[in-house]
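Shown next, in structure tokens, is the structure this report addresses.
The values are calculated or read from the model by the stated rules, or taken from the named source; none is laboratory data. Because the structure is predicted, anything quoted here is derived from the model rather than measured. Every residue, glycine as well, gets a Cβ built from its backbone with ideal geometry; the counts of neighbours run over all protein chains shown.
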Amino acid sequence: MDEKAVPRKAEKLVGVKGMNDILPPESARWEWFESMIRVCMARYAFRNIRTPILEHTALFVRGIGEVTDIVEKEMYSFEDRSDKHGQAEHLSMRPEGTAAVVRAVVESNLLYDGGKRLFYMGPMFRREKPQRGRYRQFHQVGVEALGFAGPDTDAEVILLATSLWKMIGLTDVRLELNSLGQPAERAQHRAQLIAYFEKHVDQLDEEAKRRLHSNPLRILDTKNPAMQELVAGAPRLLDFLGTESLAHFEGLKAILDANGIAYTINPRLVRGLDYYNLTVFEFVTDRLGSQGTVCAGGRYDDLVVQIGGKPTPAVGWALGIERVLELLKEQGGQTPLQVPHAYAVVPDAAAMPQVLRTLQQLRELGVCVQMHAAGSEGMGSFKSQFKKADASGAAFALVFGADELAQGQVTVKHLRDGVGTQTMQPLAHVAQWASSLQFNA
Ligand code: ATP
Ligand code: MG
């Protein structure tokens, strides 16, 4: 071979840090999980919504809150080139789903005929320090129920999550609950909280000091071990709730109790996003280190107004797909196998027109067939083709040998029955035998 004809190997390019490829066979786990999500959402009559990856930065600043980790330092934001006449736009890749769902719902007036139950699934982007369970592109499934004020809907979204855990066999999560009350109740608590932390200002870390007057509630959410004791002694928001907020909380607990759903009240559960009121909750595990929150959510009755809509109560949650799948793996869950029903062995490439015609018919009848094709070394020997057929996991080999083809037939060889039973099948009547291939060994 002429050496000059071989292209020179270029320098390898790598993906962006914290953004992962999801490859087979692992992607089978993702597909399986996504199909479970669809089944589960249908059972609860939650409908799919899909919003763009890019939004105006202002949406997240308003929706998530200016003094949050996400908006302060984690967003992928940029100034878009300006259109011919217009101004340059400040855009961000979505770091979460709720703000965009609310934007879309308000923009399309989706609530004109009543409340809506929605779910989404897709990639989110945050410039965080990549580590196990924490990535820069990660994937969420989220539910949002808009237009429903009662604790029954809080309970329904929690029940939906528990039913999903059951479907996928996730056992190692526990539910933590809290109530953040209403803004007026939070204001009273906030004053006392600031006074408490000011008294112990020497024990606050830099981040807490910075948040002391802008967002003191978030100090309760600190992951700094040195501050845990201080935080444990802080005034509890639950003690500031009025009768209505308490009744809402009790209403939720009664439904969870009636369903046998175990939970613990965590008075320090505040959530990282600003828009929550009343119910907040997290499903947590001890098995993923400090990335232990698998699913988190709560009520956000004021967000729709903040995004320019009419006052609308709302509640939802989001789960991290990577964390759920890692936890399942941790529990010993196997990657689902993806195997074809049959593998087409083609001793002579000259038969391809006939082979592909038959495979096309089989596939249209629902048979999953992996085809043998030539690599840079040609088709390979009969023996090596059979090795590949075996490795594919297929239950049958379809052998398109010259002798069979001459008689208008194909040999169907069972690869998993221990004896290699063979039959000849007519190419002219594929529909007669296609269904006999459709099972996995
Ligand atoms: P954490 O406290 O772990 O940073 P968060 O409060 O920022 O989580 P939310 O914004 O509530 O998380 O997102 C909901 C869920 O999305 C989380 O419970 C988690 O499962 C997942 N999640 C959030 N950030 C990431 C990330 N960077 N990588 C992978 N999953 C994530
Ligand atoms: Mg976070």
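For this structure, a couple of remarks:
- Gly408 being farther than 24 Å from Pro336 by Cβ and either over 38 Å from the mean Cα position of the chain (by Cα) or not hydrophobic (A, V, I, L, M, F, W, C) (or both): yes
- Where a residue in the range 63-79 is at positive phi and its partner, wherever it lies, is outside any helix (DSSP H, G or I) and away from ligand 2 (no atom under 12 Å from the Cβ), with Cβ under 8 Å and at least six apart: Gly65/Asn215; Gly65/Asp274; Gly65/Tyr275
- Those helices (runs of 4 or more DSSP H) of the range 1-116 in which 1 or more residues are within 30 Å of Ser392 (Cα to Cα) and within 16 Å of ligand 1 (Cβ to nearest atom) occupy 26-43.
- Selected residue (criterion: surrounded by the fewest Cβ atoms within 10 Å (Cβ to Cβ)) from residues of the range 246-275 that are modelled with pLDDT of 95 or more, hydrophobic (A, V, I, L, M, F, W, C) and part of a loop (DSSP other than H, G, I, E, B): Ala262
- Among the residues of the range 176-226, just one is in contact with a His (Cβ under 8 Å, 6 or more places away or on another chain) and part of a loop (DSSP other than H, G, I, E, B), namely Gly181.
- Residues in the range 276-302 that are within 15 Å of ligand 2 (Cβ to nearest atom), among the hydroxyl-bearing types (Ser, Thr, Tyr) and either in a loop (DSSP other than H, G, I, E, B) or not assigned by TED's automatic domain parsing to the domain that holds Asp172 (or both): Tyr276, Ser290.
- Taking the conditions (1) closer than 30 Å to Asp286 by Cα; (2) over 35 Å from the mean Cα position of the chain (by Cα) in turn, Gln385 satisfies each one other than (1).
- Residue match in the range 76-91 (condition: crowded, with 16+ Cβ neighbours inside 10 Å, in the same structural domain as Leu303 (by TED's automatic domain parsing) and closer than 14 Å to Gly63 by Cα): no
- Here Lys129 passes the criteria (1) surrounded by fewer than 17 Cβ atoms within 10 Å (Cβ to Cβ); (2) part of a strand (DSSP E or B); (3) within 16 Å of ligand 2 (Cβ to nearest atom) except the one numbered (2).
- Test: residue in the range 278-286 that is modelled with pLDDT of 95 or more, more than 16 Å from ligand 1 (Cβ to nearest atom) and on the phi < 0 side of the Ramachandran plot: no
- Strands (runs of 3 or more DSSP E) lying entirely in the range 313-389 (those with 3 or more residues that are within 30 Å of Ala161 (Cα to Cα)): 314-320
- Selected residue (only one of Phe119, Phe148 is touching a residue at least 24 places away in the same chain (Cβ under 8 Å), in a loop (DSSP other than H, G, I, E, B) and more than 16 Å from ligand 2 (Cβ to nearest atom)): Phe148
- Pairs with Cβ under 8 Å, 6+ apart, first in the range 242-263 and hydrophobic (A, V, I, L, M, F, W, C), second assigned to a loop (DSSP other than H, G, I, E, B): Phe249/Leu241; Leu256/Tyr263
- Evaluation of Arg186 against (1) basic (Lys, Arg); (2) within 30 Å of Ser35 (Cβ to Cβ); (3) touching a Phe, Trp or Tyr at 6+ places or on another chain (Cβ under 9 Å) (one fails), failing number: (2)
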